[in-house]
Amino acid sequence: MKATTTNPALVMILVDGSHSTGASWVIDDKTGQESTVSRSIQDGVNRALHDLIINVCYADGVILGRINLGVVVAQGDEVRWGLDCEEPEDGWLDVASWANLAPQPANANEIPQWLSLQPEGKTPLIEGWESCFSTIEKYRQQYPESSVLLMTLTDGLFSELDLTEEIQDDLSKRQASCVGDASYLHLIGHISPDGKPATLFPEELPEGEYEQLLFELSTVLPSHLLDNGATEFCGVPISKRSRAYVHNADHGLLSELIQLGSRVVDGNVVVVNPTKGETEEE
Amino acid sequence: MLASDWLPILESHQDELLDEIGLYGYEFIQGGPFGNTLEYRCGAQWLVLEAVHHDGSKKAVRVPVHDRFAQEDHLDRLRYVSNKLKEQDADWFPFFEIEEYDFGSDIDLSPCPVMVMDWIEGETYASAMWKNREDPHELENLDYQLSNLIQEMRDGGFDHGDVSVSNLRVRANGMMMLLDPDSLVHESMELSESLELGHPTWNHPGRGVEHTKHLHIIPFELMKWFNRSLQNNSNLLEQEPDLEEFYYTEYDLKNPYQSQRFLRLMSACNLNPHAFQDHDLIHLMDALEDDFDNIGQHIELPQKKSIEPRVTIEYLLNVQPIKKPHPRQERVKKPKQRVLKPTPFFQEFNRFNEE
């Protein structure tokens, strides 16, 4: 999944901005420090965008156009453009247009804030996916050889959605048709207040109607992560069948999942447990 | 660890780190994409920081991005290569040394290897080709410099597993230098396997870790024939290419006879794609289609010229009886100059010598 100026990767982020993401959760087990789910998502996304610039786009003193970006927020009754600029006609911005959208940080090493969330209303997530799939379809026509990353971050109360089987089938088919044979990764981070135990990078269809939908929509983890010998991610066992889906992960794993999004774009993934003698391309 | 993980750690350890590795009076240059981090160059194996002394001299400080390249067996290999380069007084590769620093609990590696390397000013070979794409004379000179560098490397008994347009730097005086010590090996090392496979758009698609010899042949031929084709057709580079995919793609190297890009090279070299022709570009394409082990059947493998070992100061001090010892002085390296442009006479002379 190498992003180049000739074949820039599309990073598409779909964020749940619903009222329920204003709920608090513990972000530091040792100190008991709390934050809102919304804030965790916002910080994770901003950190991931910063990492994309630092790790993928910056070379020899200039920012190269290797990453095009679309951020949409599903909130209330609409799916809105998530960055501080007019919504682009295509649905994505090139790096020269999005890198400087965040206000200059006051302190050195502070992460710029591209995304700012104010939780309110419901979560029109299905419309959010439809919007993303349309953008991906247009992108594939313009850049047929580029790779695409879609990241969905939600605390989705799916009971509020009219999720019939037909709609679920349509979503899966729509995703498959818009992606085609592209190098494609769909990461899904799902934090819900349902009290169910965590489901982390599952290999098999999990229990629960909504979990099954998200499992079906997520892709397997990128092969180069496993080709480099990794058998776990942040302490969670993974295999070539593992889906890029976590449900009810703790704050740490959710952050890592979002960071993973920025690390798979150029095929440069941190290997958790490399075995001696394995190789990596420069 | 990626650049984004390393930069804040390096910033906080800056003063102690530079002192510990012997770079007194140096400081890291600030910069980065937002101007609020250290300036850096990103690689898959090492993150490169730019350290400058108040007298203006510069060093490259490299910290490992990938743990595998910080393991002791690889560091031993780097030290061995470093000594070999020093023995030969090689001027085609920057001098480097491996130091150590303890970052404490900030990173898992303790102590962490830190490579200190001479800083090489200059542009990448990619950038030089792009800038001079409409100047066949300059392109010819770049091609000549690359050939010279490769010959010097071969003569010294070295091979390099990741020769690419980003690992070659063209200095202001026109001389070229090769970078990336992780991929540099010497024939005396007798390795059983390679640690990496080089950049996928500059290497034979069938190359595996079991291949340890003739690693630079295919990248060199790919660059040579791209440059020579560009001399005839500047349109081969229509827009400024990305270092990660300068001209060839992985698909092109796997399927050279189905590749439009190779077709364009053939056209630039006045070759007919539908006729059998005895031409080195065709031999390169055949080598790409065949197994890596068979590249010698298509491309003439280099014959190493025997070179007289140079006498070192250590040799003179320790081996030869010295009647009147002089105080040891720091050696001042006399700059060598390669011929920038071959004149017809030298071309003829060299051809005569080769024959």
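Values computed for the structure shown
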read-out: Exclusive hit being within 14 Å of another protein chain (Cβ to nearest Cβ), closer than 17 Å to A:L150 by Cβ, aliphatic (A, V, I, L, M) and not in a strand (DSSP E or B), set A:A106, A:A102, A:A96, A:A48; value: A:A48
read-out: Verdict on A:G70 being assigned to a strand (DSSP E or B), in contact with a strand residue (DSSP E or B) (Cβ under 7 Å, 6 or more places away or on another chain), within 22 Å of A:S146 (Cβ to Cβ) and not aliphatic (A, V, I, L, M); value: yes
read-out: Within segment B:122-136, considering residues that are away from every other protein chain (no Cβ under 14 Å) and either surrounded by 18 or more Cβ atoms within 10 Å (Cβ to Cβ) or touching a residue at least 60 places away in the same chain (Cβ under 8 Å) (or both), the one nearest to B:H204 (Cα to Cα); value: B:M129
read-out: Residue, nearest to A:T135 (Cα to Cα), within segment A:1-44, restricted to residues that are within 14 Å of chain B (Cβ to nearest Cβ) and among the hydrophobic types (A, V, I, L, M, F, W, C); value: A:A9
read-out: Selection count, segment B:8-21, where residues are surrounded by 15 or more Cβ atoms within 10 Å (Cβ to Cβ), within 14 Å of another protein chain (Cβ to nearest Cβ) and free of Cβ contacts under 8 Å to residues at least 60 places away in the same chain; value: 3
read-out: Top-ranked residue of segment B:79-108 - restricted to ones that are assigned to a helix (DSSP H, G or I) and either in the same structural domain as B:M177 (by TED's automatic domain parsing) or in contact with a helix residue (DSSP H, G or I) (Cβ under 8 Å, 6 or more places away or on another chain) (or both), ranked as modelled with the lowest pLDDT; value: B:D106
read-out: Number of the condition not met by A:R66 [criteria: (1) out of contact with any Phe, Trp or Tyr (no Cβ under 6 Å at 6 or more places or on another chain); (2) closer than 16 Å to A:I13 by Cα]; value: (2)
read-out: Condition broken by A:V79, with the remaining ones in (1) in contact with a Ser or Thr (Cβ under 6 Å, 6 or more places away or on another chain); (2) more than 25 Å from A:S134 (Cβ to Cβ) satisfied; value: (2)
read-out: Only one of A:P119, A:P88 that is without any contact (Cβ under 8 Å) to a residue 40 or more places away in the chain and crowded, with 17+ Cβ neighbours inside 10 Å; value: A:P88
read-out: Flag if A:Q113 is within 13 Å of another protein chain (Cβ to nearest Cβ), touching a Phe, Trp or Tyr at 6+ places or on another chain (Cβ under 8 Å) and surrounded by fewer than 22 Cβ atoms within 10 Å (Cβ to Cβ); value: no
read-out: Unmet criterion (only one of (1) away from every other protein chain (no Cβ under 14 Å); (2) in a loop (DSSP other than H, G, I, E, B); (3) not aromatic (F, W, Y)) for B:P33; value: (1)
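Conditions (1) more than 10 Å from chain A (Cβ to nearest Cβ); (2) within 29 Å of B:D155 (Cβ to Cβ); (3) hydroxyl-bearing (S, T, Y), marked per residue:
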{"site": "B:W6", "(1), (2), (3)": "no, no, no"}
{"site": "B:L23", "(1), (2), (3)": "yes, no, no"}
{"site": "B:W46", "(1), (2), (3)": "no, yes, no"}
{"site": "B:Q71", "(1), (2), (3)": "no, no, no"}
{"site": "B:R77", "(1), (2), (3)": "yes, yes, no"}
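The values are calculated or read from the model by the stated rules, or taken from the named source; none is laboratory data. On a predicted model such as this, the values are computed, not experimentally measured, just so you know. Glycine also receives a Cβ, built like all others from the backbone with ideal geometry; neighbour counts cover every protein chain displayed.
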